[in-house]
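This report concerns only the one structure given below.
The values are calculated or read from the model by the stated rules, or taken from the named source; none is laboratory data. This structure is a prediction, so every number in the text was calculated from the model and none was measured. In this analysis, Cβ positions are derived from the backbone assuming ideal geometry, glycine residues included, and neighbour counts consider all displayed protein chains. Only protein heavy atoms, including side chains, enter the accessible area calculation; ligands, DNA and RNA are left aside. Shrake-Rupley method; radii C 1.70, N 1.55, O 1.52, S 1.80 Å.
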Amino acid sequence: MPYRVMQRRVAARGNLQLTGCTSPDGSATSLRSGWVAVRAGAEVSCTSARDVRGGAVITWFGGDGRPVGVSRLRIKADRLATQHPADALLTGTIAAGALKGERVRGGLSPAAAILGCATRGMGTLPGNGKITFG
């Protein structure tokens, strides 16, 4: 019998810190860092995610560390087979606020290996990554 990776419905929530934010086209120079609160649900396995739906609120900070705006991210991905299924939490469109209408894509480099997920499951996911708006 072939090996199968089981999927199950999960609810995810988390916080991300955005640092080193730059605007290559010069349109958002006041957005230097941010704090993201994410809530989403999806059908996931250790290697893929599908039917990802949720949202995030991004609080933006300027160069002086003071809040300069808020964005609302609509997270939606129908099927993702990526390096890590948590990448789906960084896929969507800014629905309101700063950068409204921009596509969002990102990827995570989790500290935990996928093998650990397959053998023990995963309750938390610390790591680093990159997110792109536009």
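Within the range 32-56, the residues that satisfy the criterion of being in contact with a Phe, Trp or Tyr (Cβ under 9 Å, 6 or more places away or on another chain) and open to solvent by 20 Å² or more (accessible area, probe 1.4 Å) are ARG32, SER33, TRP35.
Residues checked against (1) in contact with a Cys (Cβ under 9 Å, 6 or more places away or on another chain); (2) closer than 18 Å to ARG103 by Cα:
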site: GLY14; (1), (2): no, no
site: GLN17; (1), (2): no, no
site: ALA37; (1), (2): no, yes
site: GLY41; (1), (2): no, no
site: THR47; (1), (2): yes, no
site: GLY54; (1), (2): no, yes
site: GLY62; (1), (2): no, no
site: ARG66; (1), (2): no, no
site: VAL70; (1), (2): no, yes
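The residue pairs whose first member lies in the range 47-58 and is over 14 Å from GLY106 (Cβ atoms), whose second member is open to solvent by 50 Å² or more (accessible area, probe 1.4 Å) and of a type in the set (Asp, Glu), and whose beta carbons are closer than 7 Å, counting only pairs six or more residues apart or on different chains, are ARG50/ASP78; ASP51/ASP78. When the range 57-69 is filtered for residues that are open to solvent by 70 Å² or more (accessible area, probe 1.4 Å) and of a type in the set (A, V, I, L, M, F, W, C), only VAL68 remains.
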